[in-house]
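The values are calculated or read from the model by the stated rules, or taken from the named source; none is laboratory data. Treat the numbers as computed from the prediction; the structure is a model and nothing was measured. Cβ sites come from the backbone with ideal geometry, for glycine too, and all protein chains shown count toward neighbours.
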């Protein structure tokens, strides 16, 4: 399999895992102790998605931090994340070999200069969300809950056209 095939699969995996997590969180009571931290964590993942999208598009993202001062309701965040995941799937699907290796120069939110290939940027976005889904899963376990299974092998087994 080519690197592009893997990136395309990974963007679909991220969308699938995000949907499973948001499905599980839909039943989380508004007064659940960890709910504010869960929403803040997922909002951070969405903000970072927006930042990297802007880098890939060569436009300014307008963020001065990797989270927002206030967080949206969970349902709104779910919709925003699904839209973002759809954008990344479409971007990976349209990415060609030459563009995959193209180096993009950008500024980190803290002001430092950065440069990465488009392929590495996509890999970072997928990996970043995986990290934060794991963090949310741990919060669910700490509250006595059980997070959904979000492992790559399960996606490859269960997801259509993975």
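Filtered by the rule that a residue be in a helix (DSSP H, G or I) and either under 19 Å from residue 89 (Cα atoms) or under 18 Å from the mean Cα position of the chain (by Cα) (or both), segment 140-152 gives a lone residue, 152.
So is residue 88 over 21 Å from residue 50 (Cα atoms) and not in a strand (DSSP E or B) or not? No; evaluated as a whole, the condition is false for this residue.
Scanning segment 50-63 for residues that are farther than 15 Å from residue 118 by Cβ and part of a helix (DSSP H, G or I) yields one hit, 50.
Would you say residue 13 is crowded, with 16+ Cβ neighbours inside 10 Å, within 15 Å of residue 132 (Cα to Cα) and in contact with a helix residue (DSSP H, G or I) (Cβ under 9 Å, 6 or more places away or on another chain)? When the stated conditions are applied, residue 13 passes them.
Is there a residue being part of a helix (DSSP H, G or I), more than 29 Å from residue 144 (Cβ to Cβ) and modelled with pLDDT of 95 or more anywhere in segment 64-78?
No, segment 64-78 has no match at all.
Among the residues of segment 116-134, are any free of Cβ contacts under 8 Å to residues at least 60 places away in the same chain and under 30 Å from residue 31 (Cβ atoms)? The answer is yes, given that some residue of segment 116-134 is free of Cβ contacts under 8 Å to residues at least 60 places away in the same chain and under 30 Å from residue 31 (Cβ atoms).
Note on segment 3-38: residues that are free of Cβ contacts under 8 Å to residues at least 24 places away in the same chain and either at positive phi or part of a loop (DSSP other than H, G, I, E, B) (or both) amount to 4.
Those residues that are assigned to a loop (DSSP other than H, G, I, E, B) and crowded, with 18+ Cβ neighbours inside 10 Å, I need them from segment 91-129; list them, please. Step through it out loud before you land on a result.
So in segment 91-129, the residues assigned to a loop (DSSP other than H, G, I, E, B) come out as 95-96, 102, 108-112.
Residue satisfying the conditions is 95 alone.
Each row is one residue, and each column tells you yes or no for (1) in contact with a helix residue (DSSP H, G or I) (Cβ under 6 Å, 6 or more places away or on another chain); (2) more than 22 Å from residue 19 (Cβ to Cβ); (3) touching a residue at least 12 places away in the same chain (Cβ under 8 Å).
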site: 40; (1), (2), (3): no, no, yes
site: 48; (1), (2), (3): yes, no, yes
site: 55; (1), (2), (3): no, yes, yes
site: 69; (1), (2), (3): no, yes, no
site: 79; (1), (2), (3): no, no, no
site: 91; (1), (2), (3): no, no, yes
site: 103; (1), (2), (3): no, yes, yes
site: 108; (1), (2), (3): no, yes, no
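Can you spot a residue in segment 29-44 that is surrounded by 13 or more Cβ atoms within 10 Å (Cβ to Cβ), modelled with pLDDT of 95 or more, under 28 Å from residue 156 (Cβ atoms) and in contact with a strand residue (DSSP E or B) (Cβ under 8 Å, 6 or more places away or on another chain)? No, segment 29-44 contains no residue that is surrounded by 13 or more Cβ atoms within 10 Å (Cβ to Cβ), modelled with pLDDT of 95 or more, under 28 Å from residue 156 (Cβ atoms) and in contact with a strand residue (DSSP E or B) (Cβ under 8 Å, 6 or more places away or on another chain).
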